[in-house]
Amino acid sequence: MALLPILRYPDPRLHTRAAPVLKVDDSIRKLVADMAETMYEAPGIGLAATQVNVHQRVVVIDVSEDNSALLALVNPEIISRSGEQVCEEGCLSVPGIYDKVTRAEQVRVRALNQKGETFELDAEGLLAVCIQHELDHLDGKVFVEYLSKLKQTRIKDKLAKKARITA
Ligand code: NI
């Protein structure tokens, strides 16, 4: 396994739309393993392949307290959604920034697992938020795009300043 570098907003590569995985093979399973290691190390509760500059539709999620519930979704699609919830979100690609986003309370997702088998999953609460956030990444969308233009400009300025200090 290997730790993968995470793209930082406003890197334009974060706005790439990921392509569907054609075959779940060993290279995809290695990507999942590397992404999981990168997510746990960060630490975070979700990571999309887009964030590690791999533009294929793969996400890993683990919302458990003890890293015991790794969920790998290949070619995930939300097939139904209901309700509404507001959650304070953060993102490994937007370090130090947290803000409220309104999303569906429940979602049903269909995806392939690491064996290439189709499965469906009902999620609510934090897991539902995380699934929606990660699937947005695969479509090139970062959560800050739900915020006002003014807030987005402030976030870009803040991260640019931080990048200069750490560079
Ligand atoms: Ni994110």
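So the values come out like this:
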quantity: Selected residue (criterion: farthest from Ile79 (Cα to Cα)) from residues of the stretch 115-138 that are more than 12 Å from the ligand (Cβ to nearest atom) and open to solvent by less than 70 Å² (accessible area, probe 1.4 Å); calculated: Gly116
quantity: Given (1) within 15 Å of the ligand (Cβ to nearest atom); (2) part of a strand (DSSP E or B); (3) open to solvent by 30 Å² or more (accessible area, probe 1.4 Å), index of the condition Val60 fails; calculated: (3)
quantity: All positions within the stretch 18-42 that are open to solvent by 20 Å² or more (accessible area, probe 1.4 Å), away from the ligand (no atom under 13 Å from the Cβ) and either aromatic (Phe, Trp, Tyr) or outside any helix (DSSP H, G or I) (or both); calculated: Ala19, Pro20, Leu22, Lys23, Val24, Asp25, Tyr40
quantity: Among (1) surrounded by 17 or more Cβ atoms within 10 Å (Cβ to Cβ); (2) over 30 Å from Arg164 (Cβ atoms); (3) β-branched (Val, Ile, Thr), the one test that Thr102 misses; calculated: (1)
quantity: Criterion: of a type in the set (D, E, K, R) and closer than 24 Å to Arg17 by Cα - qualifying residue of Glu117, Glu84; calculated: Glu117
quantity: The lone exception for Pro76 - which of (1) touching a residue at least 60 places away in the same chain (Cβ under 8 Å); (2) within 12 Å of the ligand (Cβ to nearest atom) it fails; calculated: (2)
quantity: Single match in Ser82, Ser148 (criterion: surrounded by 11 or more Cβ atoms within 10 Å (Cβ to Cβ), away from the ligand (no atom under 16 Å from the Cβ) and either under 13 Å from the mean Cα position of the chain (by Cα) or small (Gly, Ala, Ser) (or both)); calculated: Ser82
quantity: Sole residue being charged (D, E, K, R) and closer than 28 Å to Arg8 by Cβ, chosen from Glu89, Glu105; calculated: Glu89
quantity: Residue under evaluation Glu65, criteria (1) under 17 Å from Met39 (Cβ atoms); (2) within 16 Å of the ligand (Cβ to nearest atom); (3) among the charged types (D, E, K, R), criterion not met; calculated: (2)
quantity: For Ala72: the one exception among (1) open to solvent by 30 Å² or more (accessible area, probe 1.4 Å); (2) within 21 Å of Leu4 (Cα to Cα); (3) in contact with a strand residue (DSSP E or B) (Cβ under 6 Å, 6 or more places away or on another chain); calculated: (1)
quantity: Unmet criterion (only one of (1) open to solvent by less than 70 Å² (accessible area, probe 1.4 Å); (2) within 16 Å of the ligand (Cβ to nearest atom); (3) closer than 24 Å to Glu145 by Cα; (4) at pLDDT 95 or above) for Pro10; calculated: (4)
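The values are calculated or read from the model by the stated rules, or taken from the named source; none is laboratory data. Note that this is a predicted model, so its numbers are computed, not measured. Because the Cβ atoms are built from the backbone with ideal geometry, glycine has one as well, and the counts that use them run over all protein chains shown. Side chains included, ligands, DNA and RNA excluded: accessible areas come from the protein's heavy atoms. Shrake-Rupley method; radii C 1.70, N 1.55, O 1.52, S 1.80 Å.
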